[in-house]
Amino acid sequence: MRQIEAKDIIQAVKEMCIEATHFLTKDMVCAMNDACEKECSPVGKQVLEQLQDNLKIAAEEMIPICQDTGMAVVFVELGQEVSIVGGNLEDAIQEGIRQGYQEGYLRMSVVKDPFIRENTKDNSPGVIHYEVLPGKDLKLTLAPKGFGSENMSKIFMLKPSDGIEGAKAAILSAVKDAGPNACPPMVVGVGIGGTFEKCALLSKKALLRSVNEHSNLKHIEELEVELLDAINRTGIGPGGLGGVVTALAIHIETYPTHIAGLPVAVNICCHVNRHASRIL
Amino acid sequence: MIYHLQIPVSDKELAKLEAGDTIYLSGVIYSARDAAHKRMYENLEKNLPLPISVDQIFLYYMGPSPARENKVIGSAGPTTSSRMDKYTPALLDLGVKGMIGKGKRSLDVKEAMKRNNAVYMAAVGGAGALLSKAIISSEVVAYEDLGAEAIRKLEVKDFPVIVVIDCKGNDLYEQAIAEYNKE
């Protein structure tokens, strides 16, 4: 067994909290540059230019890109030949979140109980998804999720007879309902198939994909291309103030499903599609 | 049109503003979001006073990230306004003149805006670092226990916003999207 120290996990998670909230990944930066060139609405352009300035200020002055530094979502890919020593994995990740949000001057946005709503004051707990895979590595991906866009996400339990046209209509309706609330230009993550919870998780994972990459399934790639065009024809535009760039990308992940079902989940992310990864 | 406005803004000046205008705001605005709105609303229901006078003020739906040393405030962009819709008509009836946020508003809010000659403006969502530069002072004035959700008195200089819903109820989100819709 390969041993990984819990303290190294804490450190990695802490660093990722700060990195992801201040710096976009290269693919996202490129997508934002492209959006500026493509947008033809004057107000839309004005919004995108402010967002470019914002990214620059965030990086130079270490001010979070967005004040909603999110609820920390962590994807863990644990090699089955790894053993964690000096603490347990879950505690280490939660501690990394606490330290990252405190030391990084990030906003504490988590309440302990959905009804009582008392702030936990350290942004813990995060939401952690585990996968156990062959191998000796531990890969951690941290994706802080803001709730302006999270609140506009939807799940549709479609019928098999609804087919691909039904899925298109559902996805487009979610994007239109989101409109200006979700801080467009958005990145749209879609999960199709599996069960109720599996397709929701796929839609979140879809947001982690590099924005210049398509699905490697031909019919899904075609669907992504068609839907991105349809979304950008809605006219919602940057900030929802009208324009031709409503989404930077749409990523669709699929999974086998039941003979009776066609679940479709749409997880919407704003232009601050944040994530950071580390392999330990 | 582009305007530079000093708060408080007279009714006459507010009436001139149209959906789509760009405004650079200067003066005092107050930040309040979900939890602060809920508490103010509960006070009104119980006939208790509000912690601040809302007459003639501009509200900013915002909860900042913590300020680093030598900074006035952390990242400070708008949050989604519709979550405040339930509480907003009562505050408009008490004299709130401007609201800054992002996203759609309810019909009830629009009606209350027309009735009270108030304006709804959007700041660019996700531009919190940039917008923080237009805030020159920040002081918690109520509900300190709410942390990021406390009510803050903010002095702003040339704070950039776009009029989304004007006093007549015109809605830029509806107009602008129709203009670029190619479905």
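The residues listed here are A:Lys168, A:Lys204, A:Lys198, A:Lys176; of these, the one that is in contact with an Asp or Glu (Cβ under 8 Å, 6 or more places away or on another chain) and part of a helix (DSSP H, G or I) is A:Lys168. For the range A:32-62, which residues satisfy the criterion of being touching a residue at least 12 places away in the same chain (Cβ under 8 Å) and under 30 Å from A:Gly96 (Cα atoms)? Correct list: A:Met32, A:Leu51, A:Gln52, A:Leu55, A:Ala58, A:Ala59, A:Met62.
Quick check on this structure: which one of A:Ser203, A:Ser210, A:Ser215, A:Ser149 is of a type in the set (Ser, Thr, Tyr), closer than 22 Å to B:Gly101 by Cα and touching a residue at least 12 places away in the same chain (Cβ under 8 Å)? Step through it out loud before you land on a result.
Details: A:Ser203 fails: closer than 22 Å to B:Gly101 by Cα; A:Ser210 fails: closer than 22 Å to B:Gly101 by Cα; A:Ser215 fails: closer than 22 Å to B:Gly101 by Cα.
The conditions single out A:Ser149.
Across the range B:22-41, the number of residues qualifying as surrounded by fewer than 19 Cβ atoms within 10 Å (Cβ to Cβ), over 30 Å from A:Asn119 (Cα atoms) and touching an Asp or Glu at 6+ places or on another chain (Cβ under 9 Å) comes to 3. Just one of (1) in a helix (DSSP H, G or I); (2) within 14 Å of chain B (Cβ to nearest Cβ); (3) among the charged types (D, E, K, R) fails for A:Arg274. It is (1). Screening B:His37 against (1) within 12 Å of another protein chain (Cβ to nearest Cβ); (2) in contact with a Phe, Trp or Tyr (Cβ under 7 Å, 6 or more places away or on another chain) leaves a single unmet condition, (1).
Return the residues of the range A:162-176 that are acidic (Asp, Glu) and either surrounded by 15 or more Cβ atoms within 10 Å (Cβ to Cβ) or not assigned by TED's automatic domain parsing to the domain that holds A:Asp229 (or both); say none if nothing qualifies.
Passing the criteria: only A:Asp162.
Here the condition is being assigned by TED's automatic domain parsing to the domain that holds A:Val187, of a type in the set (S, T, N, Q) and touching a Cys at 6+ places or on another chain (Cβ under 9 Å); of A:Asn212, A:Asn267, A:Asn232, A:Asn216, it holds for A:Asn212 alone.
The values are calculated or read from the model by the stated rules, or taken from the named source; none is laboratory data. A quick note: this is a predicted structure, and the numbers were derived from the prediction, not measured. Neighbour counts run over all protein chains shown; Cβ positions are idealised from the backbone, glycine included.
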